[in-house]
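Following: one structure in structure tokens, then a few remarks.
No value in this document is a laboratory result; all are computed from the given coordinates. Keep in mind the model is a prediction, meaning the values are calculated, not measured. Virtual Cβ from ideal backbone geometry, glycine too; neighbours counted across all protein chains shown.
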Amino acid sequence: MTPARVYDYADISAPAKQSASCRDLISVQDFSPDEISALLALTQSVKDRPASYRRALLGKQLVLFFEKASLRTRITFEAGMASLGGTSIFVDQTQSRLHEREPLCDVAHNVERWVDAVVLRTFEHETIVEMARYSAIPVINALSDLEHPCQAFADFFTLQEKFGDLRNIHLAYIGDGNNMAHSLMLAAASLGSKMTLACPTGYLPHPEITDAALAIAARTGAEISIMQDPVAAVTGADAVYTDVWASMGQEDEAAERATIFAPYQVNQQLFAHAPGAIFMHCLPAHRGMEVTADVLDSSRSIAFDQAENRLHVQKAILLTLLGGDARRGPSRSHHA
Ligand code: CP
Ligand code: NVA
């Protein structure tokens, strides 16, 4: 069995940004519960009135460095930035790591002179933390091995659209205690939701993220519990969520994981324990692995609503971090 990944969480949880005048989104924890609620409210406004924000980030520029493949995240950031009046530059880092040619601090000190924000999709979470540590401009986590905050915010926005008050919802997450599980757990804790997670032994969420989520939950009234039994986790749930069994970068573990995770497949039999629940997946999905086609493609699946909302929530994230305002138009750009 593959051992649980070990992070030195103390090193990667608190970047010491050199500029106090800007902020990052590296972890769900970078936004307080009130700030997440405000972000979801702004998302609703952006979704309802996109034309009001057409010039909000006029003249602003975004760079995206992606070490891994992407459909949704890349397109929604680029389309979102364009819709707000800004522009994007995509840098394909899938052939070499960002720090291979020169140290990350040098990359950061170059990029901050040219553009207004950086979006990073990386293997190591530490790469994003390092970039944020040295950049005087906002840094956004577009997925690391530890978190996927943009997806989690879009997912809770989608849940709010479906159910209203997030303090009354029960989300069940079935499968790997991975980046998705981490960000969902932190978001559920922040928003006062109930979340049950069922993960096999050895694939539980990172203990320090679990502790952080429990500490947040103690303040918000959220209920977070982690178990091994998928039936127990989905019983009474309003939404059942799963993600791939082998994340990007874990392809060589796929066969071993397929055996270990088989009892965690979201199929009709498991879904029957949550009658009335909706099904969620961040996508890409593997039909016949973590979810069966009849569940993913059913009318109870909201996977494409989640995907759509990536666009709206990321526009709200960009507005929040870059200071755009629908009424006033663009704030002064840092760059020409
Ligand atoms: N859900 C998600 O992040 O999709 P991509 O990997 O296609 O960006
Ligand atoms: N856990 C998955 C999420 C993909 C959006 C991965 O990291 O590959």
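Structure data summary
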read-out	value
For the chain, the Rg and Dmax computed from alpha carbons only, in angstrom	19.2, 58
Extended-chain gain in nm, criterion 0.36 nm per residue less alpha-carbon gap, Ala254 and Glu35	75.1 nm
Net dipole in debye of the chain [+1 Lys, Arg Cβ; -1 Asp, Glu Cβ; about Cα centre; nearest 20]	1400 debye
Net lengthening on full extension, Ala218/Asp92 (0.36 nm per residue, minus Cα-Cα)	41.2 nm
Stokes-Einstein translational diffusion, segment 191-334 - Kirkwood Rh over all Cα pairs, 0.692 mPa s, 37 °C, in µm²/s	188 µm²/s
Euclidean distance of C-alpha centroids, segment 291-309 and segment 135-166, integer Å	18 Å
Computed over segment 226-308, Cα set: Rg, Dmax in Å	12.5, 37
Largest-first ellipsoid semi-axes for segment 119-206, taking √(5λ) over the Cα gyration tensor eigenvalues, angstrom	25, 18, 9
Segment 162-266 - percent relative contact order, Cα under 8 Å, separation 6 or more	35 percent
Helical mean residue ellipticity (222 nm; -39500 (n - 2.57) per DSSP H run of 4+; nearest 500) of the chain	-12000 deg cm²/dmol
The chain: relative contact order as a whole-number percent, Cα under 8 Å and 6+ apart	22 percent
Rg(Cα) / (2.2 N^0.38 Å) computed for segment 98-163, rounded to two decimals	1.31
Charge-dipole axis of the chain as Lys and Arg at +1 and Asp and Glu at -1 on Cβ define it, positive-most pick from Ala108, Ser225, Ala254	Ala108
Three principal axis lengths of segment 22-176 [C-alpha, angstrom, descending]	48, 40, 27
Extension gain (nm, one decimal) between Arg54 and Asp294, 0.36 nm per residue minus Cα-Cα	82.5 nm
Förster-model FRET efficiency, 22 Å R0, Gln228 and Ala262, C-beta, rounded to 0.05	0.95
Mean shadow area of segment 113-267 over all directions, Cα convex hull, nm²	10.3 nm²
